[in-house]
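Here's the structure we're looking at; comments come further down.
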């Protein structure tokens, strides 16, 4: 077994002096990520929809880690106005950002529209994170070993981007649109890598997926069928969130990782195991899909990156 296959959070380098933003940090993978980063000395901003819950989480973390550098800021990724407010507040208080972990998610809700009229999963997983990354890119460029880690899913390999029906007006299936949003995450992470590289930026874009983890995104889905299938039936097979978070922690902190790397579990079917390099679905690396999604995302979010076309 090679070194990276043995990797655990205990092997994470000291993160003292580094600033992290973790979206969706009050439960599941986000909470596990925030806990591990703060344990290694990182200053972690918990970007959360529910500030009261965020403050409770911080109190619990500090009870175990006295002196942990943690702060809570409100961020609703499904509302682009909230994304802009969050970015402006972070900019006002911090002169740089070292790592952005685009982690937050929702799974298979009934068809719901965001504040700007976009399908909820596409809005929260992709458009919100696309806008957030773009608005914080100059802070990241000032960071120490700066990285953007975008969390996708094994399901990106089943996804198809419905450019002619992004909001599901003609046909909506909860899991199909979840898969679409996770493919969009993968396309974004890949395109961001190519465009940052073309621009000569110091910021690296990496992707990660947790395999199958027993988190609230599975058991908390409002759709009864998916709560039963992914909660009661499949939950016992899932990894603990502390294990599921290892690929994104590895991507965020492992020295020497190249931009464009995709990290997932090492086990059978990439469902569980220690973090290793894994392969993107061909659809995620398709040039035309990437260009089309990027241009659409800039138009829908009104966030322009100013990066060269990836070609």
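Please treat every number below as a calculation from the coordinates, not as lab data. The structure presented is a predicted model; accordingly, all values stated were derived computationally and were not measured. No Cβ is skipped: glycine too gets one built from the backbone with ideal geometry, and neighbour counts run over all protein chains shown.
Scan region 25-44 residue by residue and report those that are more than 10 Å from residue 70 (Cβ to Cβ), touching a strand residue (DSSP E or B) at 6+ places or on another chain (Cβ under 7 Å) and either in contact (Cβ under 8 Å) with a residue 60 or more places away in the chain or in a helix (DSSP H, G or I) (or both). Talk me through it step by step, then tell me what you get.
As a first pass, look at region 25-44 and keep what is more than 10 Å from residue 70 (Cβ to Cβ): 26-33, 36, 39-41.
Still in the list and also touching a strand residue (DSSP E or B) at 6+ places or on another chain (Cβ under 7 Å): 26, 29-30, 33.
Those that are more than 10 Å from residue 70 (Cβ to Cβ), touching a strand residue (DSSP E or B) at 6+ places or on another chain (Cβ under 7 Å) and either in contact (Cβ under 8 Å) with a residue 60 or more places away in the chain or in a helix (DSSP H, G or I) (or both): 29, 30, 33.
Can you name every residue in region 161-196 that is within 18 Å of residue 282 (Cα to Cα) and not in a helix (DSSP H, G or I)?
161, 162, 163
Name every residue in region 249-268 that is part of a helix (DSSP H, G or I), touching a residue at least 40 places away in the same chain (Cβ under 8 Å) and out of contact with any strand residue (DSSP E or B) (no Cβ under 7 Å at 6 or more places or on another chain), in order of residue number.
Of all residues in region 249-268, those part of a helix (DSSP H, G or I) come to 249-253, 268.
Still in the running and touching a residue at least 40 places away in the same chain (Cβ under 8 Å): 249-253.
Within region 249-268, 249, 253 qualify.
Restricting to region 285-296, name every residue that is in a helix (DSSP H, G or I) and either more than 19 Å from the chain's Cα centre (by Cα) or over 12 Å from residue 192 (Cα atoms) (or both).
Initial filter on region 285-296 (in a helix (DSSP H, G or I)): 285, 287-296.
If the condition is that a residue be in a helix (DSSP H, G or I) and either more than 19 Å from the chain's Cα centre (by Cα) or over 12 Å from residue 192 (Cα atoms) (or both), then 287, 288, 289, 291, 292, 295, 296 are the ones that fit.
Scan region 82-96 and give yes if some residue there is buried (at least 23 other Cβ atoms within 10 Å of the Cβ) and assigned to a loop (DSSP other than H, G, I, E, B), otherwise no.
No, region 82-96 has no match at all.
I need the full set of residues from region 68-81 which are assigned to a loop (DSSP other than H, G, I, E, B), touching a strand residue (DSSP E or B) at 6+ places or on another chain (Cβ under 6 Å) and closer than 15 Å to residue 101 by Cα, in order please.
Quick first cut of region 68-81, residues assigned to a loop (DSSP other than H, G, I, E, B) only: 68-69, 75-79.
If we keep only those that are touching a strand residue (DSSP E or B) at 6+ places or on another chain (Cβ under 6 Å) too, we end up with 69, 75.
Correct list: 75 only.
Quickly run through region 270-284 and pick out the residues that are surrounded by fewer than 19 Cβ atoms within 10 Å (Cβ to Cβ) and not in a loop (DSSP other than H, G, I, E, B).
276, 277, 282, 283
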